[in-house]
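Colleague: Mind looking over this structure? Questions follow.
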């Protein structure tokens, strides 16, 4: 069965709080490894450009489609369109890649690095931020439809205070992996 998207994490949590409301981790099977023992994360492929999924789209195509679908939902709700921000894009891609290569499903990395940590490390200085993650949908339409059915994810997508978005999609056999990072720059 495909994992459901985890509830969204919004606005940075106080330092002593490690997870967002209802964040659920998928039990990890440990790091992903090939049968020959090599690390699939270091295979030299770019999961954002070269790989395609069963629908024939690349990760970059899917990321653009997610932005278009999110902006259509926001327009219907009376919110301004989100701009793609390269820094948020870097944070989202990095997290999608990391979850795929190390086979975990959570807003926080196994070391406890949060979305806020990743967004700040990408030099995005926002007054508020949020992150949606998903694993499994084969196409952007299904990923966004799933997020829109979840109250927490929907709230992030339709939060009119957000002005920027970054979308990361990683196409690997143990995914696909989807990350949306939202922000409102200071």
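No value in this document is a laboratory result; all are computed from the given coordinates. Keep in mind that this is a model prediction, so the values were computed, not measured. As a convention, Cβ positions derive from the backbone with ideal geometry for all residues, glycine included, and neighbour counts pool all protein chains shown.
Colleague: For a Förster distance of 25 Å, can you work out the FRET efficiency between the beta-carbons of residue 60 and residue 186, rounded to the nearest 0.05?
Modeller: Taking R0 as 25 Å, the efficiency between residue 60 and residue 186 is 0.30.
Colleague: Here's a follow-up. Which stretch or stretches of segment 145-172 have amide N atoms under 17 Å from the point lying 7 Å from residue 76's Cα along the Cα→Cβ direction?
Modeller: 145-160
Colleague: What FRET efficiency comes out for the pair residue 84/residue 174, r = Cβ-Cβ distance, R0 = 45 Å, nearest 0.05?
Modeller: 0.95
Colleague: Here's a follow-up. How do 158, 82 rank when sorted from fewest to most other Cβ atoms within 10 Å of their own Cβ?
Modeller: Fewest to most other Cβ atoms nearby, the residues stand as 158, 82.
Colleague: Here is a follow-up. Would you order 148, 99 from fewest to most other beta-carbon atoms within 10 Å of each residue's own beta-carbon?
Modeller: Arranged by neighbour count, lowest to highest, 148, 99 become 148, 99.
Colleague: Please rank 182, 162, fewest neighbouring Cβ atoms within 10 Å first, as an exposure proxy. Present the calculation step by step, with values, prior to reporting the outcome.
Modeller: Details: 182 29, 162 24.
Ascending number of Cβ neighbours within 10 Å: 162, 182.
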